[in-house]
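Remarks on the structure that follows.
Every read-out reported here was derived from the displayed coordinates using simple, explicitly stated rules and does not represent laboratory data. Every value quoted in this text rests on a predicted model; they were computed, and no experiment measured them. Cβ sites come from the backbone with ideal geometry, for glycine too, and all protein chains shown count toward neighbours.
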Amino acid sequence: MDITEKKIKLGIVDDDRLLVQLLIPIVEETNKIEVGLTAYSGNEFISKIQKEHDLVEVILLDLRMNDGNGLEVLDYLRAKDIPIKVVVLSSYYQESFIGQMMKKGAQAFLPKIVDKKLLVDTIIEVSVKGHSFSKEQMKTITKQLSSKLPQLHLDSKSGLTEREVQVLQLLCQQFNTGEIAKQLFISPKTVETHKSNLISKTGVKNTAGLVIYAVQNQIINLDEVILLTY
């Protein structure tokens, strides 16, 4: 897994204070993650990031909390266009919620009974790649969102340029911006421009949405999508 040397700035938003204190050493023991913010309600988290958006780049977010739940946090981040990636970590994990989490802007969705290695791997994956859904979750998401996402007639790849399709295929295979730039012999800035154009043309919200879009429109087969499996 290609990761930068800089530590990932993580926030933990959960009303279970004991759990928060237990999670901190678990995620920090890898020396790849640093907890820079804790909040015990959604509104406390929102209040903190209103003052400084770059306190964290990824958050672990509980769903059911008093004084501002996880869905309200997701809505706030999306409404304000704040580029904080979200790993929803909930004891109310249900397969039927996965599509909704995706639609709300979450980049990963895990149960609280998750293995600690998978939790850490997911945080890193979300930070570096932009999303982390298992193959089974991806199948569920495509079914749940199949009637919601805009569709293109992709027999002729109408609407997307050849280069955009190449970038999209590599994104689906979990290559990051720098890796895509090297493979296509273009600059990272150009890759980011293609990603922005893809999001604009497809009408999705983030990289995870692009992956779903690519699978639904047969730009890439689900078996070719590289994801964490559990």
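Calculate one ³J(HN,Hα) per residue across the range 173-186 by plugging θ = phi - 60° into the Karplus curve 6.51 cos²θ - 1.76 cosθ + 1.60, and present them in order as whole Hz with x for glycine and proline.
8, 6, 7, 8, 4, x, 5, 5, 4, 5, 5, 9, 6, 10
With θ taken as phi - 60° and the coefficients 6.51, -1.76 and 1.60, list the Karplus ³J(HN,Hα) couplings across the range 192-204 in order, rounded to whole Hz; mark glycine and proline as x.
Result, ordered by residue: 4, 5, 4, 4, 4, 5, 4, 4, 5, 6, 8, x, 8 Hz.
Take the residue pairs 48/135; 48/143; 139/205 and return only those whose Cα atoms are more than 29 Å apart.
Pairs exceeding 29 Å: 48/135; 48/143.
How large is the charge dipole for the chain, taken about the Cα centre, if only the Cβ atoms of Lys, Arg (+1) and Asp, Glu (-1) carry charge, to the nearest 20 debye?
480 debye
How do 169-181, 17-29 rank on mean C-beta neighbours within 10 Å, highest first?
169-181, 17-29
Short version: ³J(HN,Hα) in whole Hz for each residue of the range 114-129, in order, from phi by Karplus 6.51 cos²θ - 1.76 cosθ + 1.60 (θ = phi - 60°), x for Gly and Pro, what are they?
5, 5, 5, 5, 5, 4, 5, 4, 5, 4, 5, 4, 5, 5, 7, 9
Give me the distance between the Cα centres of the range 156-215 and the range 93-130, rounded to whole Å.
22 Å
How much of the calculated P(r) for the chain lies past 31 Å, in percent of all Cα pairs?
Looking at the chain, the distances longer than 31 Å represent 20 percent of pairs.
Given a cut-off of under 8 Å on Cα pairs at least six residues apart, what relative contact order in percent is computed for the range 8-132?
About 23 percent, as a whole number.
For residue 116 and residue 163 in the same chain, what is the full-extension length gain: residue separation times 0.36 nm, less their Cα-Cα distance, in nm?
Length gained between residue 116 and residue 163: 13.1 nm.
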